[in-house]
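Structure, as structure tokens:
Read-outs throughout are calculated quantities, based only on the coordinates presented, and are distinct from any laboratory measurement. Here the structure is a predicted model, which means the values were calculated and not measured. Cβ atoms come from the backbone with ideal geometry, glycine included; neighbour counts cover every protein chain shown.
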Amino acid sequence: MSEQDQRHMKRALALARKGVGKTSPNPAVGCVVVKDGRVVGEGWHQKAGLPHAEVNALSMAGSEAQGADVFVTLEPCSHTGRTPPCAKALIAAGVRRVVAGMVDPNPQVAGKGFALLRKAGIIVEHGVMEAECRAINRPFIKHVTTGLPYVTYKCAMTLDGNIATVTGESQWISCLDSRRYTHRLRAAHDAIMVGVDTIIADNPHLTVRHVKGRSPLRIILDTRLRTPESVTVLSESMAHGTIIATTESNPRVHLRYTQQGATVIVCDEYDGRVSMVDLLQKLGKRGIQSILLEGGSRLAGEMLQNNAIDEFIFFLAPKIIGSDGFAPFTLRGITSMDQAIKLQFGQIAHSGQDIIVHAWPAEA
Ligand code: AOF
Ligand code: ZN
């Protein structure tokens, strides 16, 4: 790959990033059209239902697209979804070469876009800056290939690993900058998930307030339907965006919540609790691509044990609470280090007085 190709793909990635967190259930995609070394078109996918990145870039390029090279972070689509196939638009525009970051993992595309382009005599290359292209679409890749949502667990903890004091108080462990960051995270997810104990203890809003952006759905795990009807997330303006996941199928009790506008999902029971596997499958089917898991520790421990957490974001505050506090995961029975759940660190950054640590499950 030439230095110039890499430069153009970098630009396509920067364009794609403008859409990250806004395109669900679609991927974020960026595209650059280059003619005789000059950029003549740029575009990115802004929202599901709106034109794809290639179509936006081609429309900016106009007749200059004829004979041009196209750099796109994802394989151009070959199917008609909410919008027509990009591969056909590229063929119609008469481009010479298409350089893509990665194959579209959507089974409806998965190589068919490249095949269409090649059949029309267009030069196709792919795998350019593939790792970076994949990294911006982890939730899309997981959801489109497995049907399951991508789960990110976020927690604020003291430097000695506590998420609350013995009385359950946790406001505030992290600084204002970190809380703003959390609101940006919320705005970029389809749903926030918490356990019913968190709802009872904190009566949280679970909305986006500190930054601009839309509030995601709220999912409460509530095996025995203990959520009080008076909580904030069931208030008139919020209940329609709240889902209660339970195992109880008592329609009379459901009515308490559904009459307020909330949705109740009845799941299989596993070990006396909502089956995580069943719940995640049901949420995935509803088109929920990404979930921000915000606690409490029992739910986080259970999700961890089910290998259901895809990404971890820890805010580390320079504070110490000591041994009366609560740990971020309720998880018992690990007695030797080789039983430890192993993670690998990703990006580490400062956030006001805190440190943000990204981690992923360690590759086996
Ligand atoms: C592209 N360029 O910018 C995006 C692509 O329903 P539709 O028509 O929006 O199609 C959605 C699918 O198209 C999505 O699942 C993914 O496979 C692909 N997204 N493809 O060529 C784009 N956003
Ligand atoms: Zn497309």
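Observations
- Dipole of the chain, positive direction: furthest Cα of Thr167, Pro361, Met60, with charges on the beta-carbon: Met60
- Other residues whose C-beta falls under 11 angstrom from the C-beta of Leu185 contribute a net charge of +3, scoring Lys and Arg +1 and Asp and Glu -1.
- Mean separation of Cα contacts under 8 Å (6+ apart) over length of the chain, as relative contact order %: 15
- Projecting the Cα positions of Gly301, Pro27, Gly81 onto the charge dipole of the chain (unit charges on Cβ atoms of Lys, Arg, Asp and Glu, taken about the Cα centre) puts Gly81 furthest along the positive direction.
- Farthest toward the positive end of the dipole of the chain, out of Leu176, Thr198, Val98, is the Cα of Val98, where the dipole comes from beta carbon charges about the Cα centre.
- What the pair-distance distribution of region 3-139 shows, using all Cα-Cα distances binned every 5 Å from zero, is 2, 12, 24, 27, 22, 10, 2, 0 percent.
- Put the Cα centre of region 76-133 next to the Cα centre of region 266-304 and the gap is 35 Å.
- Region 279-364: radius of gyration over Cα atoms, expressed as a fraction of 2.2 N^0.38 Å: 1.24
- Contour minus Cα-Cα distance for Ala92 and Asp177 (0.36 nm per residue): 25.8 nm
- Cα-based helix-to-principal-axis angle, 176-187 vs the chain, degrees rounded to 10: 60
- Here Thr242, Thr167 are placed in order of increasing Cβ neighbour count within 10 Å, fewest first, which gives Thr167, Thr242.
- Using only side-chain charges placed at the Cβ, +1 for Lys and Arg and -1 for Asp and Glu, the dipole size of the chain relative to its Cα centre rounds to 1080 debye.
- Ratio Rg/Rh [Cα only; Rh per Kirkwood] for region 147-361: 0.95
- Listed residues Ser351, Ser275, Ser323, most fluctuating in the chain (Gaussian network, C-alpha, under 10 Å): Ser323
- Counting only DSSP beta bridges whose two residues both lie in region 216-339, roughly 20 percent are antiparallel.
- Cross-link table Lys10/Lys119; Lys142/Lys342; Lys47/Lys112; Lys154/Lys342; Lys10/Lys142; Lys47/Lys88, entries beyond 25 Å C-alpha to C-alpha: Lys10/Lys119
- Order of Glu363, Glu269 - criterion: other Cβ atoms within 10 Å of each residue's Cβ, fewest first: Glu363, Glu269
- Charge tally around Val98: other residues with Cβ under 13 Å, Lys/Arg +1 each, Asp/Glu -1 each, net -1.
- Counted by Cβ distance under 10 Å from Lys154, the other residues give a net charge of -1, where Lys and Arg count +1 and Asp and Glu count -1.
- With 10 Å bins from 0: P(r) over the chain, alpha-carbon pairs, percent: 5, 22, 28, 22, 15, 7, 1
- Beta bridges per DSSP with both ends in the chain, % antiparallel, nearest 5: 40
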